[in-house]
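Got a structure here, written out as structure tokens. Questions coming.
The values are calculated or read from the model by the stated rules, or taken from the named source; none is laboratory data. Everything numeric in this text was worked out from a predicted model, so none of it was measured. Cβ sites come from the backbone with ideal geometry, for glycine too, and all protein chains shown count toward neighbours.
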Amino acid sequence: MTTARYRRIVLKLSGEALSGENGFGIEPRVIKSITKQVKEVAELGVEVAVVVGGGNIWRGKVGSEMGMDRANADYMGMLATVMNSLALQDSLENIGIPTRVQTSIEMRQVAEPYIRRKAIRHLEKKRVVIFAAGTGNPYFSTDTTAALRAAEIEADVILMAKNNVDGVYSDDPKINEDAKKYDKVSYLEVLNEGLGVMDSTASSLCMDNDIDLLVFSITEEGNIKKAVMGENIGTIVRGK
């Protein structure tokens, strides 16, 4: 059997990735495709942790337009990530993949509280671990959550699965046809040029902890496995 390049990964999914073309809610066909791809990777022996956003259910922008307090809007976003995480857990377990959801905000009736050593133990037992509710604090994105959890569990890489782009570009490729796609780029370039891969807090955390980031498209079936196997897809972001 071909050996995977990475031993332990953090898969970062946007909430919008679960909604497909609908733009809102969870599209059954899409979530089944994602969980099938996660199963392919787990069956290679790779330890898989997942961080999912909540933008398909709630966006902070809506809260600001309502005049809502930023912290309250962010807490609502964290609850949205829990809903997505439970949906992912159910879909994964329906195809035979043991899964645990850990939340940064305690809600023991539906999920475990986040405990670093317990999360690592689950991964060692080849259970998929889904980290929900962000960092548990307002003003931090799920990108930052992915960077933080990757550092805590000593992941080899963050796989950032996008549903609207297949890598990192010098400009928005939907607007600028001349936008250049990068095969490799550094975190300093991401920060200095404002490339919009992830927010600056998350980029800095990855850079400081020497965590590689692979940005690729989730829309093509089998791309998660290709990323894990080290195939040349998307854009790799490194510290130097």
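Could you run through the stretch 24-43 and say how many residues are farther than 26 Å from Met229 by Cβ and touching a helix residue (DSSP H, G or I) at 6+ places or on another chain (Cβ under 7 Å)?
Of the residues in the stretch 24-43, 3 are farther than 26 Å from Met229 by Cβ and touching a helix residue (DSSP H, G or I) at 6+ places or on another chain (Cβ under 7 Å).
What number of residues within the stretch 167-186 are in contact with a helix residue (DSSP H, G or I) (Cβ under 9 Å, 6 or more places away or on another chain) and part of a loop (DSSP other than H, G, I, E, B)?
Here the count works out to 1.
Can you spot a residue in the stretch 139-147 that is touching a residue at least 60 places away in the same chain (Cβ under 8 Å), more than 28 Å from Thr35 (Cβ to Cβ) and surrounded by fewer than 18 Cβ atoms within 10 Å (Cβ to Cβ)?
Yes, the stretch 139-147 contains a residue that is touching a residue at least 60 places away in the same chain (Cβ under 8 Å), more than 28 Å from Thr35 (Cβ to Cβ) and surrounded by fewer than 18 Cβ atoms within 10 Å (Cβ to Cβ).
Can you tell which of Leu195, Leu214 is among the aliphatic types (A, V, I, L, M), more than 11 Å from Ala147 (Cα to Cα), surrounded by 19 or more Cβ atoms within 10 Å (Cβ to Cβ) and at pLDDT below 95?
Unique residue meeting the criteria: Leu195.
Modelled with pLDDT of 95 or more and buried (at least 16 other Cβ atoms within 10 Å of the Cβ): does that describe Val38?
yes
Next up: When you scan the stretch 45-68, how many residues do you find that are under 23 Å from Ile95 (Cβ atoms), in contact with a helix residue (DSSP H, G or I) (Cβ under 7 Å, 6 or more places away or on another chain) and not β-branched (Val, Ile, Thr)?
Count: 4.
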